[in-house]
Amino acid sequence: MHGMLKNRAGFTLAEVMIALTLTALVGAAVTGMFVSQSRFFDHQEKVGAARAVSRGAMNIMMSEMRMIEQDSGIVSATNRRITLRVPYAFGVVCDASVLNGLTLSMLPTDQAVLADSGYSGFAYRSASGDYTYVSGLTFPVAGGVGTCSASGLIPGGNGIVPDTTGGTGAFAGNAIQIPLTIGSLPPGTPVFLYQLITYEFKPSVNVPGNRVALWRRIHRTNQDDELVAPFDTTAKFRFYVNDAPSAQTAVPSPLSDVTGIEIVLDAISERPESNGSHQTVPLTTSVFFKNR
């Protein structure tokens, strides 16, 4: 028995040491690969998150800024804050007499939007093609279908607007009245209702660490919402003046010279890198106004 055990094949100490060394080298290489891949995916995730911040802000602002017109669409502006008159419902004048106030026939509009308390005023188009803005806190009320029918606009009229008496669903046309006398406006004059909205880059509440967020404020309701964060401190507004090919940082005077806005949306990742820095994704886009 002793002879059998003595002649049995096995590993020498040198072979064991070599095997352990090779295993350690392979393990270190595999571990390094996993660490490298983990860092790469983490980096890509942070870039994607920062890019989503920029795109989210862009989609929200662009949809509203595209609707404003040049002459009086901007109320006030700085590089970090801009206040706009944003149209949200369109229609035509049925009657502007002293008795009825201003009666409008509105084009089909989402009723949730039309009933929103963010109404800040209306604008009507003059014979010269310019829009005159009238601010007012008296919210329009439903009514005036008979007045619009008598004006020959609806129903059975010249087809300028849909029949407000027969429309159904969330996007039916409506006749509304604003108890305000502004003078004589001929039937068929284009009109839109607008909201006074401020966009501003200012400190975030939802993301800690003195991060910058994009805020949206509806003036009528004093509703201030943090839309998206975080942004770098370089996020700002720049201005195209009189159809210039490039935007400028200085705010022009008068604001009616602004024909478009460049929006610098330099987003950053919410989670920091190992060295404490944040991944930055620069994004710049522009929007140009109507009726330039």
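The values are calculated or read from the model by the stated rules, or taken from the named source; none is laboratory data. Note that this is a predicted model, so its numbers are computed, not measured. We place every Cβ from the backbone using ideal geometry, glycine too, and count neighbours over all the protein chains shown. Please note that ligands, DNA and RNA were not included when accessible areas were found on the heavy atoms of the full protein model with its side chains. Shrake-Rupley method; radii C 1.70, N 1.55, O 1.52, S 1.80 Å.
Structure notes:
- Rolling a 1.4 Å probe over the protein heavy atoms leaves Y131 with an accessible area of roughly 50 Å².
- Taking Lys and Arg as +1 and Asp and Glu as -1, the other residues whose beta-carbon sits under 15 Å from that of F201 total +1.
- Per residue, the average separation of C-alpha pairs within less than 8 Å and at least 6 apart gives the stretch 176-221 a relative contact order of 33 percent.
- Per residue, the Cα convex hull of the stretch 197-273 amounts to 104 Å³.
- The heavy atoms of E15 present about 90 square angstrom of accessible area, all protein chains included, probe 1.4 Å.
- Sum of side-chain charges, G73 neighbourhood, beta-carbon under 10 Å (Lys, Arg +1; Asp, Glu -1): 0
- Summing +1 for each Lys or Arg and -1 for each Asp or Glu among the other residues whose beta-carbon sits under 10 angstrom from that of G121 gives +2.
- Heavy-atom accessible surface of T103, to the nearest 10 Å², is about 0 Å², with a 1.4 Å probe and all protein chains retained.
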